[in-house]
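Derivation of every value follows stated rules applied to the coordinates shown; laboratory data play no part. All of these numbers come straight from a predicted model, not from anything done at the bench. Note that we place each Cβ from the backbone using ideal geometry, even for glycine, and neighbour counts take in every protein chain shown.
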Amino acid sequence: MMISEHGGDIYSREIKLDFSANLNPFGMPESVKNALINSVSEWEKYPDPFCVKLCQKLSEYEKYPAEKIVCGNGAADLIYRLVKAVNPKRAVVIAPTFSEYEKALSENGTEIVRYHLSDKNDFSIDKGILNVLDGSIDMLFLCSPNNPTGQLVPEDILKTAAEKCLENNMILVCDECFLPFVQTGKNISMREFMNGNAVILNAFTKIFSMAGIRLGYALFGNSELAERVQKTGQYWSVSTPAQLAGIAAVSEKSYVIKTAQLIKIEREFLTAQLQEFGFMVFKSEANFILFRCDLPLDERLLREKIAIRNCSNYEGLSDGYFRIAVRDHEENTMLIEAIGRCLNG
């Protein structure tokens, strides 16, 4: 079976339950749906290439200067534009992690230095990564919580990495797209250690379940790099409906809070159930769980029309690693029941 490079591949087969994509189980907020429905007449116009109104709303939402915010066609778009604007010669990525960092760097001709994580400590990032941050490195990508492991970057490592990147003139990119799913997320953000060489990636994709809309944004430590990234890539990178959907979404504060509460409860439920099956389950703080199973569980679940993420194509992982999203209790129960049937033949 061909393994998709990302989750959410629901178009090549019939899927009734998708646990391969880590989206908000509450779905897209009604306010966002209404904003899209009521704005159809606006779609015939060219979108604002600078996303002025959206950046103003994000500035209020993030309590951050609008001139240091750049929006893009999802966080992935901003990853490629960042690499293009910085043009690093050598960059550090952890393994396993989101594949688009390495893909963007490879397309740029950047030499990639991988820092491999170990399953012996649940793939947590240790202080050893700080030893590779010397004068030969131009860029560092971190992801907190990390995809697919669900581990947060420890606060002390974030702090020291930010200091070393500033000292050695490296750009530190911290992807926080999954941080809103963590109840204490704001307390463990890169925002606490922001400096002129730091960039934070975020997106509406996961927390607002807007994967099909394609909307992400970045917070920059300095406005000069923000301007360079703004000028990189296609001119109209964010569509009119995406901008309007984003403006509506940033008002949904209670939606984000109740989401994080649900995720914590249901993640604990799923973790316990997976452990009862005898799987090796890795600690997660995110809205997804990484685990090991010696059977081709993804293929067996497809017979039940359920998709999970086979993680064997992640750098640093191998056959037998799978990731599941945390959904609502009814869907999570259906998944566990289906896994039970798969294991019992």
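Specify the inter-centroid distance of segment 89-160 and segment 218-280, based on alpha-carbon positions, in whole Å.
Here the answer is 20 Å between Cα centres.
First check a/c for the chain, with a ≥ b ≥ c the square roots of the eigenvalues of its C-alpha gyration tensor; if it is under 1.5, answer rounded, and if not, answer prolate when a/b is larger than b/c or oblate otherwise.
Judged from the Cα gyration tensor, the chain comes out oblate (a/c at least 1.5, b/c at or above a/b).
Which residue fluctuates the most in the chain, going by a Gaussian network model with Cα springs under 10 Å, if the choices are Glu42, Glu331, Glu315?
Comparing Glu42, Glu331, Glu315 in a Gaussian network model of the chain, the most mobile one is Glu42.
Please report the relative contact order for the chain, taking Cα pairs under 8 Å with a sequence separation of at least 6, and give it as a percent rounded to a whole number.
Relative contact order here is 26 percent.
Give the residue from Ala198, Thr240, Ala76 lying farthest towards the positive end of the charge dipole for segment 38-249; charges sit on Cβ (+1 for Lys and Arg, -1 for Asp and Glu) and the dipole is referred to the Cα centre.
Value: Thr240.
Sort by residue number and report every cysteine in the chain with no other cysteine beta carbon within a distance under 4.7 Å.
Cys55, Cys143, Cys165, Cys174, Cys177, Cys293, Cys311, Cys342
With both bridge residues required to lie in the chain, what share of the DSSP beta bridges run antiparallel, to the nearest 5%?
Roughly 45 percent of the beta bridges in the chain run antiparallel, per DSSP.
Quick one: length gained pulling Lys33 to Asp319 fully straight, 0.36 nm per residue minus the C-alpha distance?
99.0 nm
Quick check: residue separation of Asn195 and Glu60 times 0.36 nm, minus the Cα distance between them. What number comes out in nm?
The Asn195-Glu60 span can extend by a further 46.6 nm.
Given the options Phe282, Phe181, Val132, identify the residue whose Cα lies farthest towards the positive end of the charge dipole of the chain (+1 on Cβ of Lys, Arg; -1 on Cβ of Asp, Glu).
Phe181
What's the ranking of 43-50, 167-174, 196-203, 221-228 by average number of surrounding C-beta atoms within 10 Å, highest first?
Highest mean packing first, the order is 196-203, 167-174, 221-228, 43-50.
Relative contact order for segment 187-302 using alpha-carbon pairs under 8 Å, separation at least 6, rounded to a whole percent?
Value for segment 187-302: 15 percent.
What is the gain in length, in nm to one decimal, between Gln261 and Met334 on full extension, counting 0.36 nm per residue of separation less the C-alpha to C-alpha distance?
Extra length from Gln261 to Met334 when fully extended: 24.2 nm.
Rounded to the nearest 0.05, what FRET efficiency is calculated for Val113 and Glu42 with R0 set to 41 Å and r the Cβ-Cβ distance?
Efficiency computed from Cβ-Cβ geometry: 0.35.
Among the lysines, which have Cα under 17 Å from the Cα of Lys258 when same-chain residues fewer than 8 positions away are ignored?
Lys186, Lys206
Among rounded, prolate and oblate, which fits segment 304-345 when a ≥ b ≥ c are the square roots of the eigenvalues of its C-alpha gyration tensor, a/c under 1.5 means rounded, and a/b larger than b/c means prolate?
Here segment 304-345 falls in the oblate category.
How large is the charge dipole for the chain, taken about the Cα centre, if only the Cβ atoms of Lys, Arg (+1) and Asp, Glu (-1) carry charge, to the nearest 20 debye?
360 debye
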